[in-house]
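Peer 1: Right, I'll just put the structure down here and ask away after.
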Amino acid sequence: MGKILRKIAELGIERNTIVIFTSDNGPWMPPVGSKGPWKRRYNGGMRGKKGSYYDGGHRVPCFVRYPDGGLTGGRDVDTLTDHVDLLPTLIDLCHLKSPRDVKFDGVSIASLLSGAAEGWPDRTLFVQYRQSHDPPVKWNAAVMTQRWRLVGGTELYDIQADTGQTRNVAAEHADVVAELRARYEAWWSDVSQRFGEYSEIVLGSEAENPARLTSRSWWSRWICRM
């Protein structure tokens with residue numbers, strides 16, 4: 001990051017360049033008691049690690065700097081947001097026109113970043129992992145609102161009162177569990193319609209010449225279009 005920041009300063013574009021620092025998941029943790037050079041990593045007191053549906057598995061830092069846009073640091077945003085918000089936010093910050101007939105999964109959080117947002121609505125967001133090339137498994141997920149976390153469809157946590165997710169309060173808030181399950185069912189019904197589709201790796205395109213493949217690009221049933 002230091003090299004990036006120094007370079008854009010050298011180019012004279014640091015004030016009108018949007019810089020975002022974030023990560024894709026929580027830290028990887030070795031099993032307790034395991035031997036080797038691995039070290040337990042800091043996780044902010046949250047429960048879970050990389051790949052977990054608890055907050056420690058997917059809640060990550062996100063820093064945004066854009067001096068000419070008024071984003072120069074010193075502001076904390078504790079409102080629930082998601083990675084799908086980045087594209088509409090960048091469109092907003094860059095004063096671009098949104099493509100027509102495109103329904104974004106996320107929303108612009110530019111007003112949250114600038115501190116101008118008022119009456120921000122509570123949202124319901126979803127975390128769903130997918131292992132290898134197999135379709136996602138229903139309820140291997142977390143349903144999130146500003147206050148609640150429904151994990152696996154059965155465990156409910158009041159994240160504002162219990163950031164470490166130590167106490168399952170599903171039995172005390174059956175109505176909340178039912179509501180969040182219903183929202184997940186609606187979301188699942190939408191996204192599962194395209195589980196059978198795959199993104200092809202196209203070889204021979206002038207837009208990517210040469211094309212570079214890695215071991216992760218290979219799958220025994222993949223189709224190449226030449």
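Peer 1: When the residues of the stretch 85-104 are narrowed to those that are exposed (fewer than 13 other Cβ atoms within 10 Å of the Cβ) and farther than 18 Å from residue 16 by Cβ, which ends up nearest to the chain's Cα centre (by Cα)?
Peer 2: Residue satisfying both the conditions and the ranking: 103.
Peer 1: With the checklist (1) part of a loop (DSSP other than H, G, I, E, B); (2) modelled with pLDDT of 90 or more; (3) aliphatic (A, V, I, L, M); (4) out of contact with any Asp or Glu (no Cβ under 9 Å at 6 or more places or on another chain) in hand, flag the one item residue 60 doesn't pass.
Peer 2: With respect to (1) part of a loop (DSSP other than H, G, I, E, B); (2) modelled with pLDDT of 90 or more; (3) aliphatic (A, V, I, L, M); (4) out of contact with any Asp or Glu (no Cβ under 9 Å at 6 or more places or on another chain), residue 60 is out only on (4).
Peer 1: Please go through the stretch 165-211 and pick out each residue that is surrounded by 10 or more Cβ atoms within 10 Å (Cβ to Cβ), part of a loop (DSSP other than H, G, I, E, B) and at pLDDT 95 or above.
Peer 2: 165, 167, 168, 169, 173
Peer 1: Taking residue 73, is it under 30 Å from residue 157 (Cα atoms), in a loop (DSSP other than H, G, I, E, B) and small (Gly, Ala, Ser)?
Peer 2: no
Peer 1: Something else now. Please go through the stretch 10-51 and give me each residue that is modelled with pLDDT of 90 or more, surrounded by 12 or more Cβ atoms within 10 Å (Cβ to Cβ) and in a loop (DSSP other than H, G, I, E, B), ordered by number.
Peer 2: Selection gives 14, 15, 16, 17, 18, 46, 47.
Peer 1: Which of the residues spanning the stretch 118-132 are surrounded by 14 or more Cβ atoms within 10 Å (Cβ to Cβ) and either among the polar types (S, T, N, Q) or at pLDDT below 90 (or both)?
Peer 2: 124, 128, 129, listed by residue number.
Peer 1: Out of (1) in a loop (DSSP other than H, G, I, E, B); (2) surrounded by 14 or more Cβ atoms within 10 Å (Cβ to Cβ), the odd one out for residue 137 is which?
Peer 2: (2)
Peer 1: Further question on the same structure: Return yes when residue 5 is surrounded by 15 or more Cβ atoms within 10 Å (Cβ to Cβ), free of Cβ contacts under 8 Å to residues at least 60 places away in the same chain and more than 30 Å from residue 156 (Cβ to Cβ) and no when it is not.
Peer 2: no
Peer 1: Separate question: Scanning for something within 30 Å of residue 147 (Cβ to Cβ), without any contact (Cβ under 8 Å) to a residue 40 or more places away in the chain, surrounded by 11 or more Cβ atoms within 10 Å (Cβ to Cβ) and within 14 Å of the chain's Cα centre (by Cα), does the stretch 62-73 turn up at least one residue?
Peer 2: The answer is no; no qualifying residue exists.
Peer 1: Going through the stretch 85-123 one residue at a time, which ones are β-branched (Val, Ile, Thr) and within 19 Å of residue 62 (Cα to Cα)?
Peer 2: 89, 91, 107, 109 - these are the residues of the stretch 85-123 that are β-branched (Val, Ile, Thr) and within 19 Å of residue 62 (Cα to Cα).
The values are calculated or read from the model by the stated rules, or taken from the named source; none is laboratory data. Just so you know, these numbers come straight off a predicted model, no measurement behind them. Reconstructed Cβ throughout: ideal geometry from the backbone, glycine too, with neighbour counts over all protein chains shown.
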